[in-house]
Amino acid sequence: MATATDRALFQKKWQSMELTLYALPYSYAGLIFTHPIKIVGKYGELMFRETTIKDLHTSPVKMIADDWALLTAGDRTHFNTMTVSWGGVGELWGREVAFVFVRPQRYTYEFMEDSETFTLSFFGGAYKQALGVCGSQSGRDIDKCKETGLEPLPVDGGVTYQQAKTVFVCKKIAFQDLDPQGFLDASIMDTYALRDYHRMYVGAIEKVLVAE
Ligand SMILES: Cc1cc2nc3c(=O)[nH]c(=O)nc-3n(C[C@H](O)[C@H](O)[C@H](O)COP(=O)(O)O)c2cc1C
C-alpha cells in the first residue's frame, strides 16, 4: 500500500475539485428555486499508481532486454544511475525478485554496495537516447540528470525518474559474484576480456509502480 508520504510524492499537484454554484434564485408558481451548477475539475495528474508484478501486462524480458532500464541506487541527495539490459524478474526464496548484473568498475556498483535498496525504472522504449547516455558515460564524469533531462523522483529512500513508465522498488537481499568456473558455454568468456565478472544483486520487489 502506498503511504501518505508516497502519495504526496507521486501526486503532481493532483487535486479533485468540486464546486457547487447556485444561480440567482428565481420564482415559479409562487415557489423559489435555485439551480445548483456543479463543476467538477481536476488539475495536474496522478503520476504513479501501485500495482503488482503479476498484473504487469508487458513481458519482463522485453522490458529489460529490448527497452532497457535504469538501475539507480543511493538516496535523494547522493545517487547514481546506469542503463542495464541484463537481468530478470522471477520468484526466489518465496519472494518476487528482480536480479541485475553490475560490473565492478561501474560507479553505480559503489552505490549498490552502500545501499539497502535500488530501483529499476522502465521507460517502455522511450528515452532510449537518454538511456544511451546513462549507459555509455559514467556518473563519475557527468551529471546524468542534467545531461539527459531525466528528473529524479525520491521513492521509499531511493530514487526513480518522473519520466519512468514502470518502477520496481527493490530491497537488496543477496549478491553473488559470477564465477567463470561455472561458465559451461565457453563463449560466455568473450564477454569478459577484462575478467570483470559481474556481481549479481538480487532484490526483493517491494513495490511496483506504473505511470498513470
Ligand atoms: C543497453 C545497455 C545495457 C547495459 N547493461 C549493463 C548491465 O546489465 N550491467 C553492467 O554492468 N553494465 C551495463 N551497461 C553499461 C553501463 O550502463 C555503463 O558502463 C554506464 O556508463 C555505467 O555508468 P556508471 O559508471 O555511472 O555506473 C549497459 C549499457 C547499455 C548501453
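I need the full set of residues from the range 111-151 which are more than 18 Å from G74 (Cβ to Cβ), of a type in the set (S, T, N, Q) and part of a loop (DSSP other than H, G, I, E, B), in order please. Passing the criteria: only S136.
For the range 138-161, the set of residues classified as surrounded by 15 or more Cβ atoms within 10 Å (Cβ to Cβ) and within 28 Å of R95 (Cβ to Cβ) consists of P152, L153, P154, V155, D156, G158, V159, T160, Y161, listed by residue number.
In the range 51-74, the residue that is surrounded by the most Cβ atoms within 10 Å (Cβ to Cβ) out of those that are of a type in the set (D, E) and within 16 Å of the ligand (Cβ to nearest atom) is D67.
Based on what the data block shows, is V97 assigned by TED's automatic domain parsing to the domain that holds S136, away from the ligand (no atom under 11 Å from the Cβ), exposed (fewer than 14 other Cβ atoms within 10 Å of the Cβ) and among the aliphatic types (A, V, I, L, M)? So V97 fails the test.
Results for (1) more than 23 Å from D66 (Cα to Cα); (2) within 11 Å of the ligand (Cβ to nearest atom); (3) surrounded by fewer than 13 Cβ atoms within 10 Å (Cβ to Cβ); (4) aliphatic (A, V, I, L, M), shown as yes or no for each residue.
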residue	(1), (2), (3), (4)
Y107	yes, yes, no, no
F123	no, no, no, no
S136	no, yes, yes, no
V167	no, no, no, yes
I173	yes, no, no, yes
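The values are calculated or read from the model by the stated rules, or taken from the named source; none is laboratory data. Everything numeric in this text was worked out from a predicted model, so none of it was measured. Cβ coordinates were reconstructed from backbone atoms using ideal geometry, including for glycine residues, and neighbour counts include every protein chain displayed.
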